[in-house]
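**Student:** Could you have a look at this structure, given as structure tokens, before my questions?
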């Protein structure tokens, strides 16, 4: 017994079978006296209608997987009209057993079929005899109603059982599988009545005369369907091919959409190779159902990524049960060239950015020729500013711009006299007036270079205060660009912790405390909060390394 049959027995279907069998058994018991009486007094009639029902049952026709057409109900109805309820249900039981033996079906379904036959025949016979018609018209009406009742019980039980077994709405089962046969039972009742009357008038010849047309019709339909089955199967195969083609077309449309999104995602991340690789690995893993890993460089790992005939990387897919090889075969020829080109472009962008940063770092180092403190100070400020900006949500090109801005924020000091820059003590008012001009000079110098707006904001506004007492514009609060507020905190932190000609540097903890004390007046509270988080969680960052690009230049020079 397969899983479906076991599930049927242990589900509401099993309950339906049990209840139907119990009702049929009760009906057989209640009508047993009638059955015995008919068998005793007129066994010939019982035998005739039993043979009639079994003969008609042989001419059932399978209709291309939609069920079967059977006219055996005519024999049961004729038996009900000629004999009585007891004889009809007894013949129905024997017919059900014969059908089970002929088809060697499943036992619990045989029980259900037997119960269905018995209840359908018993219901139809009960309706006919309860009306007790005497006139020809009355008998015709009663027979028609009996046929309808037979069909309603028979199809109703079948639809209920199929609905529960397949978890489908009962109306859907009826529409799909039995709706086509809804008019058959309207004709079965009158035909069965005519057969009964013919038997009463002419005996066995009448039975044969009225049974022959349905039998011949069933035989002809069977031959016709067998001859056309091959054509129907060809149509079905064509339909199945069309469905398959539609599924393949839908899959390719989905692939095309995914490829468009993949290309767009690569283009959006062309400036950041790390983000590009992460996006590509995530997308390929989702597309193929297998974990994807992308290696960059000439190392020969995985499927080669070639750009201009040169290997720029490789793709590895961890093969496993989740790998959709068919989809991978469909998209790989489009994915690999796109990915190789994107990696090559990202490498070029990274190289240009590094050269750019190297140039900027060299420019900042040129400050050492005039003011050693400013030269190395900008590198330390840049390191802290990057850490603060990253925690405030900056990334990619904006983070790069903050790094450049931090490096160049004091470039305007080139225009400040050395006597002021290198004065060992505090500046007087006139000297401060000159010193406060350096942000304007920084902006002027950098405005002639194609730099992001953030860099110019930092150059001009990184000496503004939250209370509006800064310079050069006296901006206040949120009017000060956030990147400038970040660099101001980083600048102040480094100034406090660094030795100056007129005082020694203070500990990191003291610098954080002093900056906290001036939050809201001089410094942005939001940025100060991030500085405190850095102090708690990444204290090593505040030890300020040198600018990466500067280190590369120095290593190259060495």
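The values are calculated or read from the model by the stated rules, or taken from the named source; none is laboratory data. Keep in mind that this is a model prediction, so the values were computed, not measured. A quick note on method: Cβ atoms are made from the backbone with ideal geometry, for glycine too, and the neighbour counts reach across all protein chains shown.
**Student:** Do we have any residue at all in region 258-267 that's buried (at least 17 other Cβ atoms within 10 Å of the Cβ), under 17 Å from the mean Cα position of the chain (by Cα) and outside any helix (DSSP H, G or I)?
**Tutor:** Scanning region 258-267 turns up no residue that is buried (at least 17 other Cβ atoms within 10 Å of the Cβ), under 17 Å from the mean Cα position of the chain (by Cα) and outside any helix (DSSP H, G or I).
**Student:** Given region 421-524, what helices (runs of 4 or more DSSP H) lie entirely inside it while holding 1 or more residues that are in contact (Cβ under 8 Å) with a residue 40 or more places away in the chain and within 17 Å of residue 406 (Cα to Cα)?
**Tutor:** Output list reads 453-461, 482-497.
**Student:** Pick from 315, 352, 335: which is surrounded by 12 or more Cβ atoms within 10 Å (Cβ to Cβ), out of contact with any helix residue (DSSP H, G or I) (no Cβ under 6 Å at 6 or more places or on another chain) and free of Cβ contacts under 8 Å to residues at least 60 places away in the same chain?
**Tutor:** Testing whether each residue is surrounded by 12 or more Cβ atoms within 10 Å (Cβ to Cβ), out of contact with any helix residue (DSSP H, G or I) (no Cβ under 6 Å at 6 or more places or on another chain) and free of Cβ contacts under 8 Å to residues at least 60 places away in the same chain leaves just 315.
**Student:** Being within 28 Å of residue 342 (Cβ to Cβ) and either modelled with pLDDT of 85 or more or touching a helix residue (DSSP H, G or I) at 6+ places or on another chain (Cβ under 6 Å) (or both) is the filter here; which residues of region 227-252 pass it?
**Tutor:** none
**Student:** Also, quick follow-up: Which condition from (1) surrounded by fewer than 18 Cβ atoms within 10 Å (Cβ to Cβ); (2) closer than 18 Å to residue 74 by Cβ; (3) touching a residue at least 60 places away in the same chain (Cβ under 8 Å) is the one that residue 150 breaks?
**Tutor:** Against the list (1) surrounded by fewer than 18 Cβ atoms within 10 Å (Cβ to Cβ); (2) closer than 18 Å to residue 74 by Cβ; (3) touching a residue at least 60 places away in the same chain (Cβ under 8 Å), residue 150 comes up short only on (1).
**Student:** Does residue 420 satisfy the condition of being over 51 Å from the mean Cα position of the chain (by Cα) and surrounded by 15 or more Cβ atoms within 10 Å (Cβ to Cβ)?
**Tutor:** Taking the combined requirement at face value, the residue satisfies it.
**Student:** Moving to a separate point now. Between a residue in region 191-205 that is over 17 Å from residue 140 (Cα atoms) and any residue that is at pLDDT below 85, which pairs come within a Cβ distance under 8 Å, given they are 6 or more apart or on different chains?
**Tutor:** Once the first residue is over 17 Å from residue 140 (Cα atoms) and sits in region 191-205, its partners that are at pLDDT below 85 give 202/209.
**Student:** Please work out if residue 508 is in the same structural domain as residue 382 (by TED's automatic domain parsing), at pLDDT 85 or above and under 16 Å from residue 389 (Cβ atoms).
**Tutor:** no
**Student:** For the subset of region 1-54 comprising residues that are more than 26 Å from residue 159 (Cα to Cα) and either within 40 Å of the chain's Cα centre (by Cα) or not in a helix (DSSP H, G or I) (or both), which member is modelled with the lowest pLDDT?
**Tutor:** Among those that are more than 26 Å from residue 159 (Cα to Cα) and either within 40 Å of the chain's Cα centre (by Cα) or not in a helix (DSSP H, G or I) (or both), it is 42.
**Student:** With within 26 Å of residue 422 (Cα to Cα) and surrounded by fewer than 16 Cβ atoms within 10 Å (Cβ to Cβ) as the only criterion, which of 504, 477, 470 stands out?
**Tutor:** Being within 26 Å of residue 422 (Cα to Cα) and surrounded by fewer than 16 Cβ atoms within 10 Å (Cβ to Cβ) holds for just one of 504, 477, 470, which is 504.
**Student:** I've got another one for you. Given the options 486, 496, name the one that is within 54 Å of the chain's Cα centre (by Cα) and either crowded, with 16+ Cβ neighbours inside 10 Å or at pLDDT below 85 (or both).
**Tutor:** Result: 486 is the single residue among 486, 496 that is within 54 Å of the chain's Cα centre (by Cα) and either crowded, with 16+ Cβ neighbours inside 10 Å or at pLDDT below 85 (or both).
**Student:** Does region 131-147 include one or more residues that are under 50 Å from the mean Cα position of the chain (by Cα) and either assigned to a helix (DSSP H, G or I) or surrounded by fewer than 23 Cβ atoms within 10 Å (Cβ to Cβ) (or both)?
**Tutor:** no
**Student:** Give 446, 451 a once-over and let me know the one that is farther than 21 Å from residue 423 by Cβ, at pLDDT below 90, surrounded by fewer than 19 Cβ atoms within 10 Å (Cβ to Cβ) and under 52 Å from the mean Cα position of the chain (by Cα).
**Tutor:** Just one listed residue meets the conditions, 451.
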